[in-house]
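Note sheet for the following structure.
Just so it is clear, none of the values below were taken in a lab; they were calculated from the coordinates. Fair warning: this is a prediction, and the values are worked out from it, not measured in the lab. Note: ideal-geometry Cβ built from the backbone for every residue, glycine included; neighbour counts use all protein chains shown.
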Amino acid sequence: MKKKTLKMALCSIMSAVMLASVIDPVRAAEEPSWKTDMKDHWNFDSLQSDQGEKTTATLNGISIVDSKNPVFGNVLRFGGGTDKYLRLENYINTGKGSTSFSMWYRYDTTITGDGADKSAVLLQHEGNGRSLLTLQADGKYNTYINAQNVLSKKSVQKGDWQHVTVVFNQDKNEVTYYVNGEFDSTQSLGANKVDQKLSLRLGAHKNAGNTDPHPMRGDVDEFYVYEKALTADEAKAIYEDKAAELYNQELKKLIQEGKELAENQKLPEDNEKAKQLQNALKKAEDATTLADMKAAYAELEKAMAEYEAEFPVKLSIDTAKTVQTIEPDSIFGINHRYAFNGYGTFDSKEMKMKDEFTKLYEQAGFGSIRYPGGTISNLFNWKTTLGDKKDRKKQIHGFYNNEGQGGIEPNFGIKEIADFADQVGSEIVYVYSLGRGNAQDAADLVEFLNAKVGTNPNGGIDWAEVRAKNGHVEPYNVRYFEIGNEMQQAWGDSDGTASQGYWTTYVNGGAEKAYTEGGQAKFVQKYAVDEENWNKKASQSDGKPNLVRYLRYANQNPGKLVDGKIVEDPEYKAVNDGVRVFVGTDGNLQEWTVVTDLKNSNATDKHCVVDYSTGRITFGDGTHGMIPEKGKNIYATYTVDRQGFIDVSKGIKQTTEKINEIEKTNYKANVYTSFESHGFINRMNELGANEWYDGMTIHPYSGTVSGGTNAEAFYDDAMKKAENVGIQNVKNYVDRLPAGKVPVISEYGIFRNTESQVRSQTHALYIAKVIMEYVKLGSPYIQKHCLSDWYSAGADSLGPTQQAVIQVVKQNGADTTTGEGNFAFFSTPSARVFQMLNAGFGENVVEATFEKEPAMSNGVKTLSSLASVDKKGNMYVAIVNVDREKDQNVMLDVKGVDVSGRDIEIQRLESEAITDENTLETPNKVTVQTEKTKMPKGQIINLKKHSFAIVKILTEEQVVEKADYSKVDAAISAIPSDLSIYTEESVANLNAAKEAVIRDLDITKQAEVDKMAEAIQNAIKALQLKKADYSKVDAALGNIPKDLSVYTEESVANLNAAKDAVVRDLDITKQAEVDKMAEAIQNAIEALQLKKADYSKVDAALGNIPKDLSIYTKESVAKLEEAKEAVVRDLDITKQAEVDKMAEAIQKAIDNLKKKANVQPTPDNKPNNSVTTGDGTMILLMIMLVVVSGGTILIADKKRRRNS
């Protein structure tokens, strides 16, 4: 029995062992590898991993909290600030083999600060290690593990729970991304590995205080670490492990919302939308798998949207409550830049805006135009853009020292922008250059822009007269002045490359104080510049004689009038005494001596001259003073007393008051600060100087929009930033500004993104959404940045090119570095928004509120509106629907008025997709559709998804609207004030076009009215200038002596040059030049110099006078002396006969010399023409006889010797 029992026990044990050997492998096979092969896993119930090595982490500045989310429970929570992270010490080597990391996270977009629009750290090595995983601003993932950036292909939406798995395979040098369980990409990492076991951080960079990338914001959960490469199936399984719970939770919430919708807003049961909703609710409740839940969620969300769309959203409008009064003709404007021929929009040969571009501008109808631009206005010298193009000076870019940046041709100057503004009916907003200017210069500008000719309110140079001579007799009447552009962006270490502080960063007390109050700027060994190109490389010495460079921030010489010409004022003090000059390269400088004059300097003297009235430095020519070596820069240490905002504002406002006093007018100069800061507001208040500013320019750009090429994620974040940044930033300043001070929105939009969405319907709706709020907040004008830029996929130092509302497309041979050549143009959807707003809007903005405010999934209000009433009683209601998934019905409930059946005009801007954009090939893919109809019963207007609409409700009293004569009036105002300089025929044609205008036609005759305007414009273009009067030239030519042979060659050559310089057929505007030609000829005639008379006969006669006159009688010698003394030297050729008579008189006196008695002259004293008294013949015969005799003797002697 015992044996049997023992055998049975042994059998049982063996059976159990055998069964266990079978069951355990089955259980192991059922447990997925991603759950068993991990290094660690944290669900953050504690800091110790619950699986694998069970490593314990440490926290720095963060904590584990209950998320209140049943799916995730406890999470690792990150707030604001820096240096907050989870740390795993000496944890893992990601530089060899394979490693994988996986986590759930929710990035909290409500936390701002520390560069929240930049990248965020997810995983980071310490020590020699690098960033393993970051979340980019655009929603893409990035790794820098092997010292090169490798981005994921997909983007995610910040603010939602997201899942990411990243796999590093260092054997293959590859990284693989899995985004929300789906394979994203496998890419090369490069081979620069860090093969070392390192500490790991979750949530912050290894460098203390780092904000780019900044620390994680929000929650992290389910953090997995593997020392292997996860497969695609494993990555998907990890995701689905929580995703199913998450979707189930979200789906339950949506089901509840759907049921409440059906209960609270009932539709008949047989209604198609009601049926769809009930079917979608049933599918959602039945869904069990993740795939089914995802599909059910999408279907239910769509059904709910369509169901809700059956019920309109009420917009209550109270026309009796005015919230703002605006000037609709000018408020909706644009920022345009003078540089590069207005970015290709200006024709520098014709010196006017290009016709094709002008048509698009007029179509958009911009009411105001900001000039000369933004950053590039900060160093704009307006005085050097006047006059003939050849006489102008290149302008300096606001970021003048960036690589390749040079001087900018000032073709598109003040006259040109004013002519264009006159032509298109836009008001000029002027951005004054505080980077170069001062109070005197600003006062001169106001006189130039706004004073009538002859008033000269400030004395000195009559700048109104200068304007008239520049081609514009009448004042421009500019009333808006911005002092500088974004000058709060003042960083002393980036002057010329990124800072907009300029001289303010060199003043003790900081840029804000300097901008406001001015002060003494001190520059220590800062490089001097070429006058027309401040780039450091371009400002190097060229090695040529008489090199000239300028002290960068010397005050501008105001000039003075001398003989009708504006010249530099030598008494002006542009820079303080004590300038020191150096030559060399950074860190290797040699001081040169500043002297008052170079005339006493030797070739080896390192001397230069400083002109304190201009800040000009002049070097020697190699003879008087050395020439700085080619390639060396000129440096200087100096101080300048600069004036700030208050001084400049006084110059503008006080000059305006003088104009008002003289002209008996009541103009107002509105002066706005560009120093966008609360500090400026406080400082002006403390100084008691609030009277000197009327408001603050605010540039509420969006900041970088996340989402990248994920169009939906980009769109949603753009609309979020429209509210949280674009609008809220302005509200913050409005709350701080003193009473009576306004926010001035002179630049705004989506900025720093280069995605094509910035050219699409997305940006158009962003603009529509924010611009309506800016109106309500009281901005007197609202100007989008920018009007035009190159059509490209990139950006320049001033920002992305895609933000321009009119895109400029380079054609063959065109040059984007100068803006020269042929360009084509097209309008973006953003331009269509302005087209709609500028087609008509009311002066009185009235109260308009939505009864309920539908929202997008990220909390953004889907509907925004702006209502106004014009002087005639017409009502305008602008509404934008930014919901990208569903239409909205809006009921217009006008308090106390039933507008059903009224005539209405509806403008709509709609698109098939949020990414729709126009191109040169399809310029009207997104365009404005206009409809005239009756207001339907119920007063319901349907707004398509992602669309903008303006409804004009005509007043009952107005049956037929009057035609718009604005183009006619603009054309008439463009007629030159002085027509006397044009031919009678062309003036007669212009007068005929004017007289053909018929007023008070109704809108049905608009085409005829527009033709009247066109006829006037064509007649203006056809005006022919009279020919200049050449009578003075012809008279001068008639005064030229017939015989020029008697004049010196040089003076005759000068006369011929004056003759050759005559240019015929100039028009009357060049009369002064023609008169100068006549004057030059007359001067050359008067300067003709006669040749000298020929004194050769006189000199020959004088040479004949005997040396010894003592042998002659006194009387004859006296007559000879009298003839000599009668000689008058240096007579001209017209006195040649007299000179010849002088010679004859001398010779005659010589011939009449009489000898004294018994005096024999010696041979030496014989006169040259005396007669010999001895007979020389005998002497000659005797000599001959001797010679013959000698010869005879020699011959006889030879014969004798021969014979002997």
Inset, instruction - Pop the C-beta distance of Lys153 and Lys197 into the FRET formula with R0 = 35 Å and round what comes out to the nearest 0.05. - result: 0.65
Legend entry - Added length on full extension, which subtracts the Cα-Cα distance from 0.36 nm per residue, Lys1059 to Ser1110: 12.4 nm
Inset, instruction - Quickly work out the Thr1048-to-Glu53 label distance, labels modelled 7 Å from Cα along the C-beta direction, and quote it in nm with one decimal. - result: 10.1
Inset, instruction - Place the peptides 929-940, 167-178, 54-65, 691-702 in order of packing, highest mean first, counting for every residue the other Cβ atoms within 10 Å and averaging per peptide. - result: 691-702, 167-178, 54-65, 929-940
Inset, instruction - Within region 397-438, which residues have the backbone N less than 17 Å from the label spot 7 Å out from Lys537 along Cα→beta-carbon, could you tell me? - result: 397, 399-408
Inset, instruction - Sort region 33-230 into rounded, prolate or oblate with this rule: let a ≥ b ≥ c be the square roots of the eigenvalues of the Cα gyration tensor; rounded if a/c is under 1.5, and if a/c is not under 1.5, prolate when a/b is larger than b/c, oblate otherwise. - result: rounded
Legend entry - In order through region 544-551: 3J(HN,Hα) via Karplus (6.51 cos²θ - 1.76 cosθ + 1.60), integer Hz, x for Gly, Pro: 9, x, 6, 4, 10, 9, 10, 6
Legend entry - Of all DSSP beta bridges in the chain, antiparallel share, percent nearest 5: 80
Legend entry - Amide H within-cut-off set for Asp621, under 5 Å, with H built and near neighbours excluded: Asn546
Inset, instruction - Would you mind ranking Ser46, Ser330 by Cβ crowding within 10 Å, fewest neighbours first? - result: Ser46, Ser330
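When a/c reaches 1.5 or more, the comparison of a/b and b/c decides; with that in mind, is region 602-655 rounded, prolate or oblate per its Cα gyration tensor?
Values: a/c = 4.35, a/b = 3.26, b/c = 1.33.
The shape class here is prolate.
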Legend entry - For peptides 331-344, 610-623, 1101-1114, 432-445, sequence by mean Cβ density within 10 Å, most packed first: 331-344, 432-445, 610-623, 1101-1114
Inset, instruction - Multiply the residue separation of Asp577 and Lys393 by 0.36 nm, subtract the distance between their alpha-carbon atoms, and state the gained length in nm to one decimal. - result: 63.5 nm
Inset, instruction - State the Cα centre-to-centre distance between region 540-555 and region 1099-1125 in whole Å. - result: 69
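Calculate, for Lys294 and Glu327, the FRET efficiency according to 1/(1 + (r/R0)^6) with r their C-beta to C-beta distance and R0 60 Å; round to the nearest 0.05.
Numbers: r = 52 Å, r/R0 = 0.87.
For Lys294 and Glu327, the calculated efficiency is 0.70.
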Legend entry - Within region 758-847, percent of DSSP bridges classed antiparallel, to nearest 5: 75
Inset, instruction - Would you kindly derive the ³J(HN,Hα) couplings of region 680-695 from the backbone phi angles with the Karplus curve 6.51 cos²θ - 1.76 cosθ + 1.60 (θ = phi - 60°), listing them in order in whole Hz, with x for Gly and Pro? - result: 4, 4, 5, 5, 4, 5, 5, 7, x, 10, 4, 5, 8, 9, 9, x
Legend entry - Thr818 versus Met856: modelled label distance in nm, points set 7 Å from Cα along the beta carbon direction: 4.4
Legend entry - In Hz, Karplus ³J(HN,Hα) per residue of region 411-425 (6.51, -1.76, 1.60; θ = phi - 60°; x = Gly, Pro): 4, 8, x, 4, 4, 5, 5, 5, 4, 5, 4, 4, 5, 9, x
Legend entry - Relative packing of 264-273, 585-594, which averages over residues the other C-beta atoms within 10 Å, highest first: 585-594, 264-273
Legend entry - Three-way shape label, the chain, alpha-carbon gyration tensor, a/c 1.5: prolate
Legend entry - Per-residue Cβ neighbour rank within 10 angstrom, fewest leading, Tyr297, Tyr224: Tyr297, Tyr224
Inset, instruction - At 7 Å along the Cα-to-beta-carbon direction for both Glu250 and Thr1069, put a label point, then send me their distance in nm to one decimal. - result: 6.6
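Order by neighbour count: Val734, Val877, Val899, fewest other Cβ atoms within 10 Å first, most last.
Val734, Val899, Val877
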Inset, instruction - May I ask you to derive the FRET efficiency for Asp563 and Ala1035 from their Cβ-Cβ distance with R0 = 22 Å, giving the value to the nearest 0.05? - result: 0.35
Inset, instruction - Report, by chain and number, residues whose modeled amide H sits under 5 Å from the one on Glu820, excluding near sequence neighbours (fewer than 5 apart, same chain). - result: Asp815
Inset, instruction - For Lys352, list long-range residues whose amide hydrogen, built 1.01 Å from N in the peptide plane, is under 5 Å from its own amide hydrogen. - result: Asp347
